[in-house]
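Report on one structure; see the data block that follows.
What follows is calculated from the coordinates using simple rules that are stated; it is not laboratory data. Predicted, not measured: the structure shown is a model, and the values here were computed from it. Every residue, glycine as well, gets a Cβ built from its backbone with ideal geometry; the counts of neighbours run over all protein chains shown.
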Amino acid sequence: MNDAMTAPLLSVRNLKTYFTQDEGTVKAVDGVSFDMAPGATLGIVGESGCGKSITARSILRIVDRPGRIVEGEIHFRRPAANGRAERVIDLATLDANGAEMRGIRGAEIALIFQEPMSSFSPVHSVGNQIIEAILLHQPVSRAEARDKTIEILHRVGVSSPEQRVDQLANQLSGGLRQRAMIAMALSCRPTLLIADEPTTALDVTTQTQILELMRHLQQEDRMAIMLITHDLGVIAEMATDVAVMYLGRVVEQAPVDAIFHDPKHPYTRGLLRSIPRIRSKTRERLTPIAGAVPHPYDRPTGCPFHPRCPDFMPGTCDRKAPSLRPVGDNHAVSCFLYP
Amino acid sequence: MTPLLQVSDLQKFFPIKKGFLKRTVGHVRAVDGVSFHIDEGETLGLVGESGCGKTTTARCILRAIEPTAGRVSVRAANGSVVEMGALRSSELRALRREMQMIFQDPFTSLNPRMTLLDLVGEPLLVHGLGNRREREERVADLLRRVGLRPEYMRRFPHAFSGGERQRIGIARALALHPRLVVADEPVSALDVSVQAQILNLLLDLQADFRLTYLFVAHDLSVVRHISNRVAVMYVGRMVEVAETEALFSAPKHPYTAALLSAVPEPDPRTRSKRIVLQGEVANPASPPSGCYFHPRCAYAIERCRTETPAWQEVSKGRFVSCHRAEELTLPGVE
């Protein structure tokens, strides 16, 4: 598995990001492990508080204080560039504000946020913000950067980019803003794009446009996408592989077809049963998961899902924490039902 | 039987004011001539994208905001039909007991300084119903009905999760035995595993209390699970109303078909060719000529650019506003 073709682009091992406060420690990410192949789309799905966004922020090393990575490794394969050979580095050991991390962040790993309105500065034109990102990472003049910006705005489907480049974020509609956000993220041709709920704030018809655009750009640029969302429909539409998270842990990871057609973990199964489907019978009762996601200070012992689990085994699930074990081809589950 | 609620030609325009003198320079046509009815005991789903006027319609019905024009008639408990615009404020207050609202965000819609007892009991207090002890009993009963423990009635909302808070909001809405409940995106702020609990609760309460729902939502999968009939809005206008099954399996308006096709399905094996609508939702302050949907419509003909389509009944109970409704066969979901 170590030849250049199949070596992972990103390999996260036992990542733990904790927020220590006076009230206690929130284990936002508590031992997350996964691999991403170059050009793949990994969907990370989970409910609020499952740690999916903090995982992304940990990879980019932009976790807000008091949060910090207390354990684990984030191996990222940097492509060959400027006479430097391809190499794998552990992002977790880098200085978050150091030159190397700043060279990776925004250039080789880019991020799209959920709310494009609050991610753009309201007082600088959208174009200037993209130009700034290009100037930061590429040896080009300001005029060249502006041309590149117009070109990339055109590429993401912004109509009349020559005018749009000088507009402020609040002059653009939600869909256009998200396109501009994608343009900024792609301006330096990243090998990994992290999209954190990229379409959650958008209407469904706009969502279709943005997902279509992301797929198209991914094929052209051959970049990997880490797609973070709570929407299983978006996951099914986009992902090649899926990691299901619950309370800071990956409970199941598998290729997309296995997650939807052969789910193993009781939480994954519960989620799939509980979501309303457009091809359902009219006015049919749903099968919910009992209870609610626990408060982060009030984390259950043992397996974090055990208080809500229909297959709860007393004496086992509430005492010991299960670990991710393989159950099939690229399919791993963290549950005592699969010893 | 006369419907419980009849809305005719409802309009709500918001003025756009500009300059030092705050002169009105135009209007946002948030709701632009909407007509529909709801029968007693049924659920009408009202769907559309953001800014289409679905929430404004709901608020006009409850007279939370005054409509610009149009009639909203309600069949009162004694069988008489009253037109809400003609009521005096005291009569309106009495009628409001029968019409309640459930809000989208359970984190901002509950006063954090009030206990559950105060929150759920407040409507009773406002309408002068019962003494303190009776109110407490009623609140305990309501909390049980929505799946919360009555022992918690002295607690504050912050002690509860999103799903539990939405249950509190539902209990509050039910306190006065309403007949019509307007639910504005009641599950869209909730986690997916909790959404199902609240949708089931709404179905149960409807059966128990013979409630009538106007269910405003943008999520078509959710709407399919709760509605008997569905109304689709686009830029302040109604484009289609039909029985849920008929609307989902054979939509008659190209916008309905595009909306249905845009919903990503939780099954990787059904990844299919989507109808990708071009362009953006029209601006309700300066809508396009003719049919508002024509700039994005794949089936638009010359007539659509110039002539506003009529709101016509194409088969029993099925209304569409499209010039080509009779000739088009559009894809739905089975």
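Each residue, B:Asn283 and B:Leu129, gets one label point 7 Å from its Cα in the Cβ direction; the gap between the two is 4.7 nm. The residue among A:Ala37, A:Leu15, A:Ala80 whose Cα reaches farthest toward the positive pole of the charge dipole of the range A:1-109, with charges on the beta-carbon of Lys, Arg, Asp and Glu, is A:Ala80. Subtracting the Cα-Cα distance of A:Val88 and A:Arg299 from their residue separation scaled by 0.36 nm leaves 72.5 nm. For B:Lys17, the aspartates and glutamates whose Cα falls under 20 Å of its own Cα, not counting residues fewer than eight places away in the same chain, are B:Asp32, B:Glu66.
Between beta-carbons, use under 13 Å as the cut-off and find the net charge around A:Arg87, counting Lys and Arg +1, Asp and Glu -1. List each step's numbers first, then the result.
On the way: positive: A:Arg77, A:Arg78, A:Arg84; negative: A:Glu86, A:Asp90, A:Glu100, A:Glu108.
Here the charged neighbours net out to -1.
Placing +1 on the Cβ of every Lys and Arg and -1 on the Cβ of every Asp and Glu, with no other charges, gives the protein assembly as shown a dipole of roughly 1160 debye about its Cα centre.
The angle between the Cα long axis of helix B:162-174 and the longest principal axis of the Cα atoms of chain B comes to about 80 degrees, rounded to the nearest 10. When the C-alpha to C-alpha distance is required to be over 25 Å, the pairs from B:Lys252/B:Lys316; A:Lys52/A:Lys148; A:Lys16/A:Lys320; A:Lys281/B:Lys12 that qualify are A:Lys52/A:Lys148; A:Lys281/B:Lys12. Kirkwood radius for the range A:165-322, taken over all pairs of different Cα atoms as the inverse mean of 1/r, rounds to 18.3 Å. With each label modelled as a point 7 angstrom along the Cα→C-beta vector, the B:Thr308-A:Asp311 pair spans 5.8 nm.
Evaluated with a Cβ-only charge set (Lys, Arg +1; Asp, Glu -1), chain A carries a dipole of roughly 420 debye about its Cα centre, given to the nearest 20. How much net charge surrounds B:Ala30 when only the other residues with a Cβ under 12 Å from the Cβ of B:Ala30 are counted, with Lys and Arg +1 and Asp and Glu -1? Result for the local shell: +4. Taking the centroid of alpha carbons for each part, the range A:35-102 and the range B:103-130 are 46 Å apart. Report the residue, chosen from A:Val250, A:Val234, A:Val70, that carries the largest GNM mean-square fluctuation when chain A is represented by alpha-carbon nodes joined by springs under 10 Å. Highest fluctuation among the options: A:Val70. Label point of B:Phe107 set 7 angstrom out along Cα-Cβ; within the range A:10-50, amide nitrogens under 15 Å from it belong to A:47-50.
Could you tally the net charge around B:Ala325, taking each other residue with its Cβ under 11 Å from the Cβ of B:Ala325, Lys/Arg +1 and Asp/Glu -1?
Net charge in that neighbourhood comes out at -1.
Nothing charged except the Cβ atoms of Lys and Arg (+1) and of Asp and Glu (-1): what's the magnitude of the dipole of chain B about its Cα centre? Round to the nearest 20 debye.
Rounded to the nearest 20 debye, it is 980 debye.
Taking one quarter of the surface of the C-alpha convex hull of the range A:154-200 gives a mean projected area of 3.7 nm². Pick from A:Thr20, A:Thr282, A:Thr41: which residue has the top mean-square fluctuation in a GNM of chain A where Cα pairs under 10 Å get a spring? Among A:Thr20, A:Thr282, A:Thr41, the largest mean-square fluctuation in the Gaussian network model of chain A belongs to A:Thr282.
Considering the range A:1-137 at the alpha-carbon level, its Rg and Dmax are found to be 16.4, 50 Å. With bins 10 Å wide beginning at 0, the percent of Cα pairs of the range B:116-260 falling in each bin runs 10, 36, 30, 16, 7, 1.
Among A:Ala56, A:Ala81, A:Ala321, the largest mean-square fluctuation in a Gaussian network model of chain A (Cα springs under 10 Å) belongs to A:Ala81. Under the simplified labelling scheme, the B:Ala159-B:Lys17 pair shows an inter-label distance of 4.5 nm, with each label point 7 Å from Cα along Cα→Cβ. With the charge dipole of chain A set up from +1 on Lys and Arg Cβ and -1 on Asp and Glu Cβ about the Cα centre, the Cα lying farthest toward the positive end among the listed residues A:Pro310, A:Ser125, A:Ile228 is that of A:Pro310.
Is the C-alpha gyration tensor of the protein assembly as shown telling us rounded, prolate or oblate? Criteria: a/c under 1.5 is rounded; beyond that, a/b larger than b/c is prolate, otherwise oblate. It is oblate, given that a/c is not under 1.5 and a/b is not larger than b/c.
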